[in-house]
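Throughout, read-outs are computed from the coordinates displayed, never taken from laboratory work. Nothing here was measured: the structure is a model prediction, and the numbers come from that model. Here the Cβ is made from the backbone with ideal geometry for all residues, glycine too, and neighbour counts use every protein chain on show.
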Amino acid sequence: MADNIITLDNVKRDFYRKSEVIHAVDGVSLNIERGTFNILRGKSGSGKTTLLNMIAMIDRPTDGKMTFNGEDITNASDKKRDNIRRTQLGIIFQNTALIAHMSAIENVEFALSIAGIKSQERKRQAINWLDIMGIKERRNHMPAEMSGGEQARVAIGRALAHEPILLLADEPTSELDTKTSFVVVDMFRELVDKQGITIVMTTHDVNIMDVADNIFTMEDGRIIDEVKKNNIIG
Ligand SMILES: Nc1ncnc2c1ncn2[C@@H]1O[C@H](COP(=O)(O)OP(=O)(O)OP(=O)(O)O)[C@@H](O)[C@H]1O
Ligand SMILES: [Mg+2]
């Protein structure tokens, strides 16, 4: 039986602007199976970020139901959602959003502190993740002193450092060159295969679709196509 980490049941998100209603997400039902790599694709404005923000518990649906790890969290308190987000989710935003007055390593250490990692452990884990991302030597740079790609790699390290069970990544490779994009998605693949984490990632990059187990295509706030590959372990 499928073991779903996230289920969405007819989830909608409306935005109101003056007299206009925008149905950014317009009735999405989907299951994200534990230990799978999922890609969400679709044209600009199709609703990918809006959907991801609801899965990330940053935003709430206007309507519909949502479960996390088998528990109905549709009406969960802000406190409960914050706690899940801090300890069990890793989030990479579309616009990197490093904390501008903190160096690379401080950004990662800060995320670890929010997740409740003890101070003596933080530096070691932060350096380890910056090393994995290939930017250890930039650890004392401020965000403004790094390239877009380097900032993106800090953001990825920051999202993964507390070892979340679910990683949500909004176009994490859009600032990276092709080679680094492949390094990142190969690393994501390995995290899924070896550590059993679950990933939901949005992308426009057709070259990296192959790495995913499931590909969901959005159009006008709806999922219009769902391709599930067989999980071949080899
Ligand atoms: N806060 C908001 N207020 C009003 N409308 C919004 C808001 N956020 C998003 N929208 C609208 O909702 C729709 C979906 O936006 P969303 O950001 O989810 O698209 P996307 O698929 O992530 O696009 P992109 O590929 O450009 O990142 C768009 O029409 C957008 O203009
Ligand atoms: Mg977006």
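Find out how many positive minus negative residues lie around G196, taking Lys and Arg as positive, Asp and Glu as negative, among other residues whose Cβ is under 13 Å from that of G196. Display every interim value, and only then the final one.
Values: positive: R34, R189, K194; negative: D3, E33, E163, E190, D193, D213.
After counting each charged neighbour, the total is -3.
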Working from the pairwise distances between different alpha carbons, so that the mean of 1/r is found and then inverted, what is segment 106-168's Kirkwood radius in Å? 11.6
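Report the net charge of residues surrounding Q94, where surrounding means a beta-carbon distance below 13 angstrom and charges are Lys +1, Arg +1, Asp -1, Glu -1.
Working: positive: K48; negative: D170, E171, E175.
Its environment carries a net charge of -2.
Only bridges whose two residues both fall in segment 113-234 count here: according to DSSP, what percent of them are antiparallel, nearest 5? Write down the numbers at each step before the final one.
Working: 6 of 11 bridges.
Bridges in segment 113-234 are about 55 percent antiparallel.
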Mind putting a number on the dipole of the chain about its Cα centre? Charges go on the C-beta only, +1 for Lys and Arg and -1 for Asp and Glu, and I need it in Debye to the nearest 20. 560
Amide H contacts of D26 (H built 1.01 Å from N, under 5 Å, at least 5 apart or other chain): R13, R222
Please state the Cα pair-distance histogram of the chain with 5 angstrom bins from zero: what percent is in each bin? 1, 7, 14, 18, 19, 17, 13, 8, 3, 1, 0
Long-range amide H partners of T36 with built H, under 5 Å: I199
Phi-derived 3J(HN,Hα) across segment 134-150 with the Karplus relation (6.51, -1.76, 1.60, θ = phi - 60°), rounded Hz, x for Gly and Pro, is x, 9, 4, 6, 9, 4, 9, 6, 7, x, 5, 9, 10, 6, x, x, 5
Along the Cα-to-C-beta direction of D14, a point sits 7 Å from the Cα; which residues of segment 20-57 have their amide N less than 15 Å from that point? 20-28
With θ set to phi - 60° and the Karplus curve 6.51 cos²θ - 1.76 cosθ + 1.60, what are the ³J(HN,Hα) couplings of segment 63-73 in order, to the nearest whole Hz, using x for Gly and Pro? 7, x, 10, 9, 10, 10, 6, x, 10, 5, 10
With the cut-off at 1.5 for a/c, could you classify segment 1-111 from its C-alpha gyration tensor as rounded, prolate or oblate? oblate
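Have a look at the DSSP beta bridges in the chain and tell me what percent are antiparallel, nearest 5.
Values: 24 of 42 bridges.
Roughly 55 percent of the DSSP beta bridges within the chain come out antiparallel.
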